[in-house]
Amino acid sequence: MNLVVVSNRVSRGKPNEPMTGGLAAALLPVVEKTGAIWVGSSGRVRDGNHKEPFAEVEALGAGALAMLDLPAAHYGGYYEALPIRRCGPRCIRAPI
């Protein structure tokens with residue numbers, strides 16, 4: 001199977017622990033069994049001065065997890081401002 005999944009963050013499964021999050025619970029077994037590749041943020045932030053690689057690829061069964069470090073200049077706008085701009089007052093003031 002040729003499947004590449006791109007999401008905002010990649011979750012690693014921990015042996016003998018329950019999975020948290022619906023996306024991780026659904027995708028980790030698919031990646032492991034089918035050879036799919038899951039690409040997303042590692043959750044780490046870096047500045048522009050680092051010389052080491054900004055990506056890490058980890059084998060998971062027949063597939064792989066590709067985790068990318070986000071530049072510090074983009075992290076705030078992506079994770080903090082983007083949801084507010086997209087959702088805005090409609091979500092914040094939604095009736096209960």
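The values are calculated or read from the model by the stated rules, or taken from the named source; none is laboratory data. Only a predicted model underlies this, so the values are computations on that prediction, with no experimental measurement involved. No Cβ is skipped: glycine too gets one built from the backbone with ideal geometry, and neighbour counts run over all protein chains shown.
Hey, could you check region 1-30 for residues that are small (Gly, Ala, Ser) and either in contact with a Cys (Cβ under 8 Å, 6 or more places away or on another chain) or surrounded by 15 or more Cβ atoms within 10 Å (Cβ to Cβ) (or both) and say which is modelled with the lowest pLDDT? Checked region 1-30; the qualifying residue modelled with the lowest pLDDT is GLY13.
Candidates are the residues of region 31-68 that are of a type in the set (D, E, K, R) and at pLDDT 85 or above; the one that is farthest from SER11 (Cα to Cα) is LYS33.
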